[in-house]
Amino acid sequence: MTTHSQLAHSLGQELQTRQWKLATAESCTGGWVSQVITEIAGSSTWFDRGFVTYSNQAKQEMLNVSEITLQQHGAVSEATVLAMANGAIQNSQAQASIAISGIAGPSGGTPDKPVGTVWIAWAVKDKVQAQCFHFQGNRQQVRHHAVTAALQNLTQFIIHNS
């Protein structure tokens with residue numbers, strides 16, 4: 001069993017214990033978190049839906065991220081992933097969500113937001129938290145680290161906030 005699979009199983013157990021469902025809102029990971037989750041037989045009991053919102057327009061239309069938030073803070077920001085996490089819950093049957101937006105590279109980085117910068121947010125009902133990560137490696141490695149951090153930290157967030 002891979003690390004991602006183990007983390008997804010643990011997350012699923014925490015969600016099932018509470019009879020909660022999960023929604024994901026992914027940008028730079030392109031649905032990878034959802035894919036890891038849906039590889040698990042029976043995950044339909046605790047996984048409601050995944051939003052892949054790669055463009056700013058998709059973030060606005062599918063997750064209610066405001067145009068002002070995107071203009072003022074950018075797609076890779078605390079404000080955006082917090083809005084994505086809340087939007088995923090508001091637009092689903094879920095009680096918990098993960099939101100990810102980052103710069104996986106090899107291009108797109110800036111001095112303020114270099115390649116490897118990834119913001120991840122976790123929401124549980126009315127509680128939401130975000131964290132910025134700076135992952136090393138190529139595009140695939142940055143995305144892999146983001147999936148790992150998202151799954152691992154949501155499980156801990158659920159345990160400490162429910």
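Could you check how many residues of region 34-68 are within 28 Å of Q19 (Cα to Cα) and among the charged types (D, E, K, R)? Steps first, please.
Taking region 34-68 as the starting set, the residues that turn out to be within 28 Å of Q19 (Cα to Cα) are 34-53, 59, 62-65.
If we keep only those that are among the charged types (D, E, K, R) too, we end up with 39, 48-49, 59.
The total comes to 4.
Within region 107-157, count every residue that is under 14 Å from E26 (Cβ atoms) and charged (D, E, K, R).
Qualifying residue count for the region: 1.
Being open to solvent by less than 20 Å² (accessible area, probe 1.4 Å), assigned to a loop (DSSP other than H, G, I, E, B) and in contact with an Asp or Glu (Cβ under 9 Å, 6 or more places away or on another chain) is the filter here; which residues of region 89-129 pass it?
S92, A94
Being assigned to a helix (DSSP H, G or I), within 23 Å of R139 (Cα to Cα) and under 14 Å from the mean Cα position of the chain (by Cα) narrows it down to one residue among A75, A58, A8, A79; which is it? Even if it seems obvious, please write down each step before you answer.
Numbers: A75 fails: assigned to a helix (DSSP H, G or I); A58 fails: under 14 Å from the mean Cα position of the chain (by Cα); A79 fails: within 23 Å of R139 (Cα to Cα).
Testing whether each residue is assigned to a helix (DSSP H, G or I), within 23 Å of R139 (Cα to Cα) and under 14 Å from the mean Cα position of the chain (by Cα) leaves just A8.
Is it fair to say V115 is among the hydrophobic types (A, V, I, L, M, F, W, C) and touching a strand residue (DSSP E or B) at 6+ places or on another chain (Cβ under 7 Å)? Talk me through it step by step, then tell me what you get.
Working: among the hydrophobic types (A, V, I, L, M, F, W, C): yes; touching a strand residue (DSSP E or B) at 6+ places or on another chain (Cβ under 7 Å): no.
No: the conditions fail for V115.
Which one is nearest to V76 (Cα to Cα) among residues in region 29-41 that are surrounded by fewer than 23 Cβ atoms within 10 Å (Cβ to Cβ) and touching a residue at least 24 places away in the same chain (Cβ under 8 Å)?
Going through the qualifying residues, I end up with G30.
The values are calculated or read from the model by the stated rules, or taken from the named source; none is laboratory data. This is a predicted model, so every value here is computed, not measured. So basically every Cβ, Gly included, is an ideal-geometry build from the backbone, and we count neighbours across all protein chains shown. Remember, those area values only see protein heavy atoms, side chains included, never the ligands or the DNA or RNA. Shrake-Rupley method; radii C 1.70, N 1.55, O 1.52, S 1.80 Å.
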